[in-house]
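The block underneath contains the structure these notes are about, expressed in structure tokens.
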Amino acid sequence: MRVVKGIENYRKGRGLSLALGNFDGVHLGHQRLIRDTIRDARQRDTEAAALIFDPHPMKVLRPDRAPRMLISTARKLEIFEALGLEVVVQTPFTRDIARMTPEYFARAVLHETLGVAAVFVGFNYTFGHKGEGVPATMQALGHQLGFAVHVVPPVRVGNAVVSSTLVRQAIEAGDVTTAHSLLGYWPMLEGPVVEGERRGASIGFPTANMGVPDDLVVPATGVYAARALVRDTWCGAVVNVGRKPTFHADFPLAIEAHLFDFHRVIYGETMRLYFLQRLRGEKKFRDVGELTAQIARDAQEARRVIEAIRFTPF
């Protein structure tokens, strides 16, 4: 997959079938839109592409109201490639872009610069200054400028319309099982292994501590069964997300993973944690002995969950 940094650096080829959207999480609705784009590209002999803005527009326009993201841009690109996109145009979102009218965006960016043959948008897509453009606007502009516009209907899981907001709410509530059903893959956090208090090793359960990302959604406090990936090595894990109430009255949020059958020193390495199921909420224990006994039970339950779940990373 080719990543073009900046709209101005794109060089026209055989035309684009282009997916438009924020794609936060690349959930099942986004995946439907991208697959439709890829199918169209094969039929037209164009390149299957997506245009993404980085950072999220809300971080520029209303940073105080910007949500935490479900995935990083790097993870988004990884999923795009796995789905089969050929080109991603990744461009900074600026206030100048925010001021573009829908008409200018369609003509100058989509038609003249990118040379789109077809555009795919979601049913609730907005674009242009103050979100004045909607799917019907894009269809009318496409008709004028000579490119096709396809509006992808909502994707439902049960009675719910899949959305990034719904996924975010599920993860923040610790309901990673529902998040999985909306994403089509297991929620994941990635970050460096940092030094902790080294208390886990002293009680027989050494942990790899992940640096807590400040811009991504983190699951609710509690204990989770997870799969871990460290430098091409997969293993099961029991993960605690919390503030260590047994030992501290107030402590910054920590993500601690006890990796099963894993014995390497990995400080400074990048670790991925795929959250499979929440086992319980965070709890303050009377003493270290009670805590240790509970961790043993948690680890046993996590192993059972991991064994029962058919896991794929995407």
Could you list, in sequence order, the residues of region 98-114 that are touching a residue at least 24 places away in the same chain (Cβ under 8 Å) and aliphatic (A, V, I, L, M)?
A98, M100, A106, V109, L110, L114
Tell me, please, whether a residue that is of a type outside the set (V, I, T) and at positive phi can be found in region 282-305.
no
Consider A179 carefully, then state whether it is out of contact with any Leu (no Cβ under 8 Å at 6 or more places or on another chain) and at pLDDT 95 or above.
yes
Please state which of the following conditions F275 fails to meet, knowing it meets all the rest: (1) aromatic (F, W, Y); (2) within 27 Å of the chain's Cα centre (by Cα); (3) surrounded by fewer than 16 Cβ atoms within 10 Å (Cβ to Cβ).
(3)
Among the residues of region 92-133, write down those that are under 18 Å from G146 (Cα atoms) and out of contact with any strand residue (DSSP E or B) (no Cβ under 9 Å at 6 or more places or on another chain).
Y104, R107, A108, H111, E112, T113
Just checking, how many residues over region 50-69 are in contact (Cβ under 8 Å) with a residue 60 or more places away in the chain and closer than 15 Å to G84 by Cβ?
0
Here the residues within region 5-51 that are of a type in the set (A, V, I, L, M), under 18 Å from the mean Cα position of the chain (by Cα) and under 20 Å from F127 (Cβ atoms) are A19, L20, V26, L33, I34, A50, L51
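Table: residues versus (1) touching an Asp or Glu at 6+ places or on another chain (Cβ under 8 Å); (2) modelled with pLDDT of 95 or more; (3) aromatic (F, W, Y).
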| residue | (1), (2), (3) |
| --- | --- |
| L229 | no, yes, no |
| W234 | no, yes, yes |
| A237 | no, yes, no |
| A257 | no, yes, no |
| F260 | no, yes, yes |
| Q277 | no, yes, no |
| R286 | no, no, no |
| A308 | no, yes, no |
Can you pull out every residue in region 12-58 that is modelled with pLDDT of 95 or more and basic (K, R)?
R32, R35, R39, R42, R44
Would you say Y185 is under 30 Å from H258 (Cβ atoms), assigned to a loop (DSSP other than H, G, I, E, B), at pLDDT 95 or above and not charged (D, E, K, R)?
yes
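Somewhere in region 37-45, is a residue within 16 Å of L77 (Cβ to Cβ), in contact with a Phe, Trp or Tyr (Cβ under 9 Å, 6 or more places away or on another chain) and among the aliphatic types (A, V, I, L, M)?
Within region 37-45, the first condition is being within 16 Å of L77 (Cβ to Cβ), and the residues that meet it are 37-38.
Narrowing further to those that are in contact with a Phe, Trp or Tyr (Cβ under 9 Å, 6 or more places away or on another chain): 37.
Still in the running and among the aliphatic types (A, V, I, L, M): none.
No, region 37-45 contains no residue that is within 16 Å of L77 (Cβ to Cβ), in contact with a Phe, Trp or Tyr (Cβ under 9 Å, 6 or more places away or on another chain) and among the aliphatic types (A, V, I, L, M).
Taking P206, is it touching a residue at least 40 places away in the same chain (Cβ under 8 Å), more than 22 Å from the chain's Cα centre (by Cα) and either within 24 Å of I79 (Cα to Cα) or not assigned by TED's automatic domain parsing to the domain that holds F23 (or both)?
In short, yes.
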Say we look at region 121-139 and pick out the residues that are of a type in the set (G, A, S) and surrounded by fewer than 18 Cβ atoms within 10 Å (Cβ to Cβ); which of these is nearest to A48 (Cα to Cα)?
A136
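Could you check, for region 134-145, whether at least one of its residues is in the same structural domain as M100 (by TED's automatic domain parsing), in contact with an Asp or Glu (Cβ under 6 Å, 6 or more places away or on another chain) and within 22 Å of H56 (Cα to Cα)?
Going residue by residue through region 134-145, those that are in the same structural domain as M100 (by TED's automatic domain parsing) are 134-145.
Applying the additional criterion that residues be in contact with an Asp or Glu (Cβ under 6 Å, 6 or more places away or on another chain) yields none.
Looking through region 134-145, none of the residues is in the same structural domain as M100 (by TED's automatic domain parsing), in contact with an Asp or Glu (Cβ under 6 Å, 6 or more places away or on another chain) and within 22 Å of H56 (Cα to Cα).
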Given (1) charged (D, E, K, R); (2) out of contact with any strand residue (DSSP E or B) (no Cβ under 6 Å at 6 or more places or on another chain); (3) more than 27 Å from V26 (Cα to Cα), where does R280 come up short, assuming only one miss?
(2)
Quick one: which helices (runs of 4 or more DSSP H) lie wholly within region 16-83 and hold at least 2 residues that are of a type in the set (V, I, T)?
28-44, 73-83
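The values are calculated or read from the model by the stated rules, or taken from the named source; none is laboratory data. Everything numeric here is computed off the predicted structure, so don't read it as measured data. Using ideal geometry, Cβ is built from the backbone for each residue, glycine included, and neighbour counts are taken over all protein chains shown.
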